[in-house]
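*Asks:* Mind having a look at this structure? Questions to follow.
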């Protein structure tokens, strides 16, 4: 099931990259997608983690919110960079994320890192260690809205 | 003879000289290989920069363009880059062997060891 | 219509360029490694996306726009991973972050 | 042009830097700048190769090799004057030589007149391949490329020969 | 580094796309930038990425030494074979005109196979060289 | 428009280069290298539009992919100390 979906995604990727719709290239694309699927299976990288189809629908709803958040934070950090006094107060905070699956944890960690002003330094099942540029940014990641949203996206079964 | 007309040549020569300087002045063998790499890249620019035509475009034929930059240097350098990395690997392999034989990758120390061994015999 | 698109993409390109430059400027200005990474992540996210968005608006509904979108997605996946790995590696090597006064560095 | 200046700056940094890891990082930066400069010079195929080889492969190879050797250049410079002098003299001679060369982007330069117009005009008709670099690489200059491939093959064989014997010994 | 969950998930997501991209570069060398050399290097980079994230033994299980070594030789043989095939079809060595009824078609076919040969050799050599260097450290460490 | 973007990117490139040269630790340099990679990738896309040949975006993709491969290779190397090897410290595959 994951294999088939990966194959379809890869073939779509090929078509979008290529833009040439000659029979030879279409066939080559199909062959390549098939070969890559087989190779990936050989690498043991096709599973719920490597190809998380269970999340696709909900992740599309999550991204716009994330992007909005990123813009907001980027604006704050830019103001900090440009202000002459450089008002930073770096902090390290630890907290426990609520996600259960690996993909959910990764999404959460990456979302935190993507948001300017906070960076995930360590990410394990039990605990995230986050470096914040300011005290408020650091405090903002604990039990945040992001946490709840990622947990919802993850839709763990 | 204008400044802009010859600037690329001069940067190329600067890179070449920097690479040459690293190769002859530095004793560390890995550093020497990196210097050789810089020398090599200067040759790439030396070949490719004269092939560029202002107003020209990359030599992939399309109906809407008529001036193309010169494809021949691209071909020569394309293969040279891959050969360059293959020879870099070969050089590094030799350095690794030297390190294992002499326990050093500094040229002076290696020469010193060679000399003392020669006197001992 | 195309006029409005042009203005919008102008705006995106300019804003993206400015954000990239601000991020790089922060990279130079910030006092220690961890804070510099925050600055760099502006370049990686907002600056890059705005630039790409400007170009997508120029390209219109073509395969070129799709490729630009792919680049944006690639950045979405790779840049946080690289940043995270960098931070983790730095911490594993014992590089202590500069903390605000009043924060206990040994606590976390 | 600005890119080329930046490359020169990176080169100076490489010359001055003693920590070999930092040198490798600079090498990867250098390679990115180089590839961007190549795109500006219209050499897209070469830029692709340089990006993949310089930033990916040689960084990895240098790192793995550094692992087997030492990380720092320990020795201070002893007599940098003579090599510096030699380098500067050669550089001056080369700069003198550039005065006889055609200026940048001169369409009448010898490089643009010889066989290239033929490649550009006839390639699509003769080979059906729009990318002239590919057609010259694989068709018109097929022998060259065969030679290059053989060189890569030989280098690979050389590395295998150099590094494999020890493994046999270690097993004994 | 398999323990690092962020890296592992990224590797799993990214590697199939890198491999497909390498194949895309290989097949579209005729139309855009790319070709055998680049495709070979990108393929090798994908394998090396896998080795970095999941460890050398896993990479070796995926692409065993024997396979990689035979790829090196196979590439040169394919290239040379195209030339010999040209002779068999009544042309000179590395003449592509004779490979098909139509000269243009023959050229395309010849270029295609030559690029395949180049890609095999380059990716084989790069992967093998990486294996050699990476494995060597282990041997020295154990000794 | 594209020229304006290109100039801004050049400025960013120069600033990142300053950090790479100043950077007291190797990690600073790596961060700068990563930023330079990203900026170079954007630069390529902009250059493609500037010269009217946007099909060179493939190149930008190559940059992005190899940038991350290179960075992670260096990091892996540092994480495991001087003897850290690609291929060490790995759990057996599940």
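The values are calculated or read from the model by the stated rules, or taken from the named source; none is laboratory data. What you see is a predicted model, and the numbers here were worked out from it, not measured in a lab. Cβ placement follows ideal geometry from the backbone for every residue including glycine, while neighbour counts extend to all protein chains displayed.
*Asks:* What do you reckon, is residue B:38 assigned to a helix (DSSP H, G or I) and either more than 8 Å from chain D (Cβ to nearest Cβ) or closer than 25 Å to residue E:37 by Cβ (or both)?
*Replies:* Judged against the criteria, residue B:38 is a match.
*Asks:* Does residue E:119 satisfy the criteria of being crowded, with 22+ Cβ neighbours inside 10 Å and either touching a strand residue (DSSP E or B) at 6+ places or on another chain (Cβ under 7 Å) or within 14 Å of chain F (Cβ to nearest Cβ) (or both)?
*Replies:* No, not satisfied.
*Asks:* Looking at (1) in the same structural domain as residue A:135 (by TED's automatic domain parsing); (2) surrounded by fewer than 18 Cβ atoms within 10 Å (Cβ to Cβ); (3) under 28 Å from residue C:62 (Cβ atoms), find the lone condition where residue A:22 falls short.
*Replies:* (1)
*Asks:* Next up: Looking at segment E:59-76, which of its residues are surrounded by 19 or more Cβ atoms within 10 Å (Cβ to Cβ) and either assigned to a helix (DSSP H, G or I) or modelled with pLDDT of 85 or more (or both)?
*Replies:* Within segment E:59-76, E:59, E:68, E:71, E:72, E:75, E:76 meet the criteria.
*Asks:* One residue is enough: does segment A:92-100 have a residue meeting the conditions modelled with pLDDT of 80 or more, in contact with a helix residue (DSSP H, G or I) (Cβ under 7 Å, 6 or more places away or on another chain) and under 24 Å from residue C:23 (Cβ atoms)?
*Replies:* Within segment A:92-100 (the criterion being modelled with pLDDT of 80 or more, in contact with a helix residue (DSSP H, G or I) (Cβ under 7 Å, 6 or more places away or on another chain) and under 24 Å from residue C:23 (Cβ atoms)), the answer is yes, since at least one residue qualifies.
*Asks:* Which residues, taken from segment A:124-147, are within 17 Å of the chain's Cα centre (by Cα), within 14 Å of chain C (Cβ to nearest Cβ) and not in a loop (DSSP other than H, G, I, E, B)?
*Replies:* Within segment A:124-147, A:128, A:130, A:146 qualify.
*Asks:* Which one is surrounded by the fewest Cβ atoms within 10 Å (Cβ to Cβ), of the residues in segment E:91-115 that are within 17 Å of residue D:147 (Cα to Cα) and at the interface with another protein chain (Cβ under 8 Å from one of its Cβ atoms)?
*Replies:* E:94
*Asks:* Another question, if that's okay. Is it fair to say residue B:44 is modelled with pLDDT of 85 or more, crowded, with 19+ Cβ neighbours inside 10 Å, touching a helix residue (DSSP H, G or I) at 6+ places or on another chain (Cβ under 7 Å) and within 30 Å of residue E:40 (Cβ to Cβ)?
*Replies:* yes
*Asks:* Also, I was wondering about something else. Could you tell me whether segment E:77-96 includes any residue that is under 14 Å from residue D:157 (Cα atoms), under 18 Å from the mean Cα position of the chain (by Cα) and modelled with pLDDT of 85 or more?
*Replies:* Taking every residue of segment E:77-96 in turn, none turns out to be under 14 Å from residue D:157 (Cα atoms), under 18 Å from the mean Cα position of the chain (by Cα) and modelled with pLDDT of 85 or more.
*Asks:* Go through segment B:17-30 and report how many residues are within 7 Å of chain D (Cβ to nearest Cβ) and touching a residue at least 12 places away in the same chain (Cβ under 8 Å).
*Replies:* Of the residues in that region, 7 qualify.
*Asks:* Residue B:8: farther than 30 Å from residue E:43 by Cβ and not in a loop (DSSP other than H, G, I, E, B), yes or no?
*Replies:* yes
*Asks:* If residue A:97 satisfies all but one of (1) in contact with a strand residue (DSSP E or B) (Cβ under 6 Å, 6 or more places away or on another chain); (2) assigned to a helix (DSSP H, G or I); (3) more than 9 Å from chain C (Cβ to nearest Cβ), what's the number of the condition it fails?
*Replies:* The one condition residue A:97 does not meet is (2).
*Asks:* What is the number of the single condition among (1) farther than 26 Å from residue D:61 by Cα; (2) under 15 Å from the mean Cα position of the chain (by Cα); (3) buried (at least 22 other Cβ atoms within 10 Å of the Cβ) that residue E:44 does not meet?
*Replies:* The number of the failed condition is (1).
*Asks:* Shifting gears a bit: From the residues in segment E:23-37 that are within 9 Å of chain A (Cβ to nearest Cβ) and outside any helix (DSSP H, G or I), which one is modelled with the lowest pLDDT?
*Replies:* E:31
*Asks:* Only residues that are surrounded by fewer than 24 Cβ atoms within 10 Å (Cβ to Cβ) and in a helix (DSSP H, G or I): list them for segment C:53-64, please.
*Replies:* Hits for segment C:53-64 are C:53, C:56, C:57, C:58, C:59, C:63, C:64.
*Asks:* Give segment A:9-27 a look and list any residue that's within 9 Å of another protein chain (Cβ to nearest Cβ) and outside any helix (DSSP H, G or I), or say none.
*Replies:* Answer for segment A:9-27, where residues must be within 9 Å of another protein chain (Cβ to nearest Cβ) and outside any helix (DSSP H, G or I): A:19, A:20.
*Asks:* Taking segment B:64-98 only, how many residues are at the interface with chain D (Cβ under 7 Å from one of its Cβ atoms) and touching a residue at least 24 places away in the same chain (Cβ under 8 Å)?
*Replies:* Total satisfying the criteria: 6.
*Asks:* Oh, and also: Can you pull out the residues in segment E:2-41 that are touching a residue at least 12 places away in the same chain (Cβ under 8 Å) and at positive phi?
*Replies:* Hit for segment E:2-41 is E:35, nothing else.
*Asks:* Need a quick list: helices (runs of 4 or more DSSP H) entirely within segment D:1-89 having at least 3 residues that are at pLDDT below 85 and more than 7 Å from chain B (Cβ to nearest Cβ).
*Replies:* D:2-16, D:20-40, D:59-68
*Asks:* Quick test for you: out of A:150, A:121, pick the one residue that is at the interface with chain C (Cβ under 10 Å from one of its Cβ atoms) and either closer than 20 Å to residue C:79 by Cα or buried (at least 24 other Cβ atoms within 10 Å of the Cβ) (or both).
*Replies:* Result: A:121 is the single residue among A:150, A:121 that is at the interface with chain C (Cβ under 10 Å from one of its Cβ atoms) and either closer than 20 Å to residue C:79 by Cα or buried (at least 24 other Cβ atoms within 10 Å of the Cβ) (or both).
*Asks:* Let me ask something additional. From the list C:22, C:42, which residue is over 14 Å from residue F:8 (Cα atoms), assigned to a helix (DSSP H, G or I) and facing another protein chain (nearest Cβ under 7 Å)?
*Replies:* Answer to the check: C:42.
*Asks:* Let me ask something additional. Does residue B:83 satisfy being crowded, with 21+ Cβ neighbours inside 10 Å and in contact with a helix residue (DSSP H, G or I) (Cβ under 9 Å, 6 or more places away or on another chain)?
*Replies:* Answer is no for this residue.
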